[in-house]
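Just below is one structure, and these are the notes that go with it.
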Amino acid sequence: MTTERLSALDASFLAVETPAAPMHVGWVSTYDLPEDGSRPRFPELFEHLAGRFAHAPRWRRKLAPVPLGITEPAWADDPDFDPAQHLLHARGSDLDAIVDEVFSEPLPRDRPLWQIWIADELEDSVVLIGKAHHCMVDGIAIVELGKLLLDAEPYEERPEAEAWEPAPVPSSRERFVRAVADRAADGAALVLAPVKLASSPGRLRGVPGLARTLQHTLLPPAPGGSALNRAGSPRRHHVRTSRPLDELRKIRRRFGVTPNDVVLAACAGALRRFAGPQRLKVMVPADVRGAGDAEDGNRISFVFFDLPCDEPDPVARLHAVHAATSERADGGEAEDLDGAFRALALAPTPVKHVLAHAFAHPRMSNLTISSVPGPATDRYMLGCKLRSVHSAVPLTERHALSIGVVMTAGRACFGIYADAETLPDADGLRDDLDAAFDELLSAAA
């Protein structure tokens, strides 16, 4: 397999990683034991998962840095790939402690950037705790991974993968020569960009929309002084809770909003209790994959707006969220920002690094809330039925909280991901979120 240069967006997730801000996407997937009472143990689970990953060449690739950092790193086959470095045994029965320890450690960069820890000693379940660097995957790509690892039937046989021979890793000189050529091509494209824009009336019509998108992205700045945006630590704490999807559907139908609006409004109500009645600027990832885009890697953009945490009425909060998300969707703001990212990909590497850090600044947003769809029907792993999936959305520096939501198995599964030192009371958000949902349900009755 030939090397593939990281996109500017992928590389930005590498650029903003620091010792206090490991940039991996995480997930905790829980499985009920088989109905016959049997329990698959680590060796069996290891062999099963290793066999499935044998069908996924991308997950056997590692970073190949470019000399002098002229361009973004590339992906190259890892000639020393060993599943035993990535599929690991999580011993013990304290799931919370295991999860927090796994998520608090950065991924080693000398091998493919992912790990799955297998917890097989819990009383009534098997749990996989996974993490993959954000430069490699986004939330949707993690969900797509489930199609590879999980089955529609309790026990499903799949053909063995073809024998794999890693492609030779290009030498430093070869990577340097290619990077120089790529940099020259990017420079030429950047020079010609105004000419292409002027010759394309369709693009010119998009300029006012892009200006509006950038205004919403940059202004107003996120409120300062929030407890969510203090300097912190790499220690992570993951809080998991869920609500039945039928509750979201009831609220959605009653008020004529989207499921994501319900999620965001409930989070606003919870944050009002947790952090106080103040507006908070939220960054919401948006999937912008097209029909021809790969299912792995990052194909996301973002929208920004104020969460109405200062509004005491739960229905008014819901309507305010709906108005904001509808305005962003009607204006095509996620697509506009994606186009801007693609244009910025032509800029010199130092400029892109500066922009990546600016985008991750706490005055851009106070927190991230991400929602992705999971499997809509039952899924199994060696006879164990998937019960829930709770995600962990990575935290950049001076961001102490994110909320990830996966809708699967008839549940909306919330993963509250916090800096354990900055927000030691993050467990309280679980009760706050339940209370906010109860308010909306009561109003919908």
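Some points to look at:
- Span-rule helices in the chain, defined as complete DSSP H runs reaching 30 Å or more along the axis (Cα) with Kyte mean at least 0.0: 172-198
- Taking every protein chain into account, the accessible area of segment 382-445 amounts to 31 square angstrom per residue (probe 1.4 Å).
- Correct option for Rg and Dmax of the Cα atoms in Å [calculated from the coordinates] among (1) 23.6, 81; (2) 22.2, 68; (3) 21.4, 74: (2)
- Accessible carbon and sulfur surface of the chain relative to its total accessible area, %, 1.4 Å: 56 percent
- Electrostatic dipole magnitude of segment 375-445 [Cβ: Lys, Arg +1; Asp, Glu -1; Cα centre; debye, to 20]: 580 debye
- Rounded accessible area per residue of segment 1-149, 1.4 Å, Å²: 38 Å²
- Volume of the convex hull of segment 209-357 (Cα atoms only), normalised per residue: 172 Å³.
- The charge dipole of the chain, taken about its Cα centre with unit charges on the Cβ of Lys, Arg, Asp and Glu (plus for the first two, minus for the last two), comes to roughly 1700 debye.
The values are calculated or read from the model by the stated rules, or taken from the named source; none is laboratory data. This structure is a prediction, so every number in the text was calculated from the model and none was measured. Positions of Cβ are generated from backbone atoms using ideal geometry, with glycine treated the same way; all protein chains shown enter the neighbour counts. To get the accessible areas, we keep the full protein, side chains included, count just its heavy atoms, and leave off ligands, DNA and RNA. Shrake-Rupley method; radii C 1.70, N 1.55, O 1.52, S 1.80 Å.
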